[in-house]
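First up is the structure itself, then whatever we jot down about it.
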Amino acid sequence: PGRAGVRDRTGPCRCGSRRPPRGRLLYRARDLAGADSLYSAARPFLEAAADSADLAALFNGLGNCRAGRGAYRDAAAHYARAAVMARGGGSRSLEAMAANNLAGIEMILGDPGAAVAGYRRARDIQRSRSAQGRPRSKSWR
């Protein structure tokens, strides 16, 4: 068991280490301020590396932290950026996840029309992945 009952998974992550990113563990433990701080600290390094898929995951994580802390406008901006970065990095599942997250925030912010459009976009991305024979990501099961 890891921090606050969070199980530490082993296995390689994108950075090549055998531990999961610490920000993700803090988020799962609901230490949103700690996770937000770590994601924010990692941002300049990922921007320097110019890895769109990793940046998309980072912005999605920041969006989760901000949404969990009630900063919905910040969360929406991070989810929107995550979707763009995921599309640029070829990660359609992460793009769908970010679009879905953004739609949820748009509903909270009182824009149901934008929320419906976002949910449809996320659904369409997942359908196109299924049509190509790609499995749906675990978060969509």
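The values are calculated or read from the model by the stated rules, or taken from the named source; none is laboratory data. All values derive from a computational prediction rather than experimental measurement. Because the Cβ atoms are built from the backbone with ideal geometry, glycine has one as well, and the counts that use them run over all protein chains shown. Accessible surface areas use protein heavy atoms only, side chains included; no ligands, DNA or RNA. Shrake-Rupley method; radii C 1.70, N 1.55, O 1.52, S 1.80 Å.
Remark: the range 82-126 carries a charge dipole of roughly 160 debye about the Cα centre, counting +1 on each Lys and Arg Cβ and -1 on each Asp and Glu Cβ. Let me make sure I get this right: for the range 75-114, a, b and c are the square roots of the gyration tensor eigenvalues over alpha carbons, sorted descending. Under 1.5 in a/c it's rounded, otherwise prolate if a/b > b/c, else oblate. Which is it? Prolate is the answer for the range 75-114, as a/c is 1.5 or above and a/b outweighs b/c. The value obtained for the range 59-140, namely the Cα convex hull volume divided by the number of residues, is 75 Å³ per residue.
Please compute the net charge surrounding residue 106, taking Lys and Arg as +1 and Asp and Glu as -1 over other residues with Cβ under 13 Å from its Cβ. Net local charge, residue 106 excluded: +2.
Given an 8 Å cut-off on Cα distances and at least 6 residues of separation, report the relative contact order of the range 80-123 as a percent. With pairs under 8 Å counted, the relative contact order is 34 percent. Report note on the peptides 120-126, 78-84: ranked by the mean count of other C-beta atoms within 10 Å, highest first, their order is 78-84, 120-126.
Rolling a 1.4 Å probe over the protein heavy atoms leaves residue 128 with an accessible area of roughly 40 Å².
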